[in-house]
Amino acid sequence: MTTDTLDLAKQEAFAGRIVQVLNDACLGYLCSLGHRTRLFDTMAELPPSTSEQIATATGLDERYVREWLGGMTVGGIVEYAPENGTYRLPPEHAAALTRAAGPDNMASFMQNLALIGIVEDEVFEAFRKGGGVPYSSYPRFQELQAEETARVYDAALIDSVVPLAPGLAERLREGIDALDIGTGQGHAVNLLAEAFPQSRFRGLDMSETGIAAARREAEEMGLRNVRFDIGDSAALTGAYDLITAFDVIHDLARPAQTLSAVAAALRDGGTFLMGDIDASSRLEENVDHLLGPALYTFSVFYCMTVSLGEGGAGLGTVWGRQTAQRMLAEAGFDDVTERHVEGDILNVYYVARKKP
């Protein structure tokens, strides 16, 4: 291609965008550190302070804090006053970067950047040879997933998510049998068990470390109406009035078999409450998705590749509403409603029923 065939203005604009991509990607790593070190949390409570004062307040090394603050300043996240060498985290910025922000804390998500960077070489090999990256290659995945989802569960599970299914809260208060598949560290199940002591809850997951963490939390909370088991959701047994699956189906090696097993395990009139990524199955409809690039990146670096690594379907993070609806119908659900929770920009919730 010769230069006279190029739209030079378009080329220059795109080059500028790529520079911004590089800068923002680097800021993402710094934001991850700001979350993990609690620098954001601490600065949100401090008046304008020097790097020495911030380091003292956080118990961190001043030289590292000062360099981090430099990146935060030129990235427009922290304000710097050169006349007295102080730094300030504006409250408007803290509202998206601190643990106090709850579900609005985006800094927590930035930790995934370091996680997926660990497996880049393995993903590269999968591009060349096919297959995928094993779950064992992600040492902090369950820890990060538990932290991210806990913010949503604590803020919305009982008061906003459960009421999405008409009459479900009332049935839970009266006492029913409930199962959560892909339960991870079990926080959602424990919250439900605490809120609805008359119901009986079970959490199921393949991860031994996740189940151990779930059991510890249940014991700490003094719960007696919950149990956690290691097992494959595609081969689940028992009969339940409620089955939940939060951000898990698209990760599974055998999602279709799991959905069929869920339908078979539900009693007549039972409810399947499935939370999953709110996106379209059609690429062209995701072009303007607020988190589109992040979702496809997480899919390549985790969701899709882990499923393929187990010889699975590889649905991917962005399997989308249309595919989800089709697979639910194929599993035997003939009454499926899509619902949303205000403030949850990531998920759509499917309320699927088996009619008596």
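Quick check: anything in segment 200-214 of a type outside the set (A, V, I, L, M, F, W, C) and touching a Ser or Thr at 6+ places or on another chain (Cβ under 6 Å)?
Yes.
Give the number of residues within segment 165-190 that are assigned to a helix (DSSP H, G or I) and surrounded by fewer than 18 Cβ atoms within 10 Å (Cβ to Cβ).
4
Which ones in segment 191-212 are without any contact (Cβ under 8 Å) to a residue 60 or more places away in the chain and assigned to a loop (DSSP other than H, G, I, E, B)?
Hits for segment 191-212 are Phe196, Pro197, Gln198, Ser199, Met206.
Rundown of residues vs (1) more than 30 Å from Leu168 (Cα to Cα); (2) out of contact with any strand residue (DSSP E or B) (no Cβ under 9 Å at 6 or more places or on another chain); (3) among the β-branched types (Val, Ile, Thr), yes/no style:
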position: Glu220; (1), (2), (3): no, yes, no
position: Asp232; (1), (2), (3): no, no, no
position: Thr237; (1), (2), (3): no, yes, yes
position: Ser280; (1), (2), (3): no, yes, no
position: Val287; (1), (2), (3): yes, yes, yes
position: Gly311; (1), (2), (3): yes, yes, no
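Applying the selection to segment 304-356, what residues are more than 16 Å from Ser160 (Cα to Cα) and part of a strand (DSSP E or B)?
Within segment 304-356, Asp335, Val336, Ala352, Arg353 meet the criteria.
Only one of Leu157, Leu192, Leu144, Leu168 is touching a Phe, Trp or Tyr at 6+ places or on another chain (Cβ under 7 Å) and at negative phi; which?
Leu192
This table checks each residue for (1) at pLDDT 95 or above; (2) surrounded by 15 or more Cβ atoms within 10 Å (Cβ to Cβ); (3) in a helix (DSSP H, G or I).
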position: Gly70; (1), (2), (3): yes, yes, yes
position: Gly76; (1), (2), (3): yes, no, no
position: Glu83; (1), (2), (3): yes, no, no
position: Leu97; (1), (2), (3): yes, yes, no
position: Ala101; (1), (2), (3): no, yes, yes
position: Gln111; (1), (2), (3): no, yes, yes
position: Ala126; (1), (2), (3): yes, yes, yes
position: Glu148; (1), (2), (3): no, yes, yes
position: Val161; (1), (2), (3): yes, yes, yes
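Touching a Leu at 6+ places or on another chain (Cβ under 6 Å) and assigned to a helix (DSSP H, G or I): does that describe Val152?
Spelling it out, it is not the case that Val152 is touching a Leu at 6+ places or on another chain (Cβ under 6 Å) and assigned to a helix (DSSP H, G or I).
The values are calculated or read from the model by the stated rules, or taken from the named source; none is laboratory data. Being a predicted model, the structure only gives us computed values, none of them experimental. Don't worry about glycine lacking a Cβ; one is built from the backbone with ideal geometry, like all the others, and counts go over all protein chains shown.
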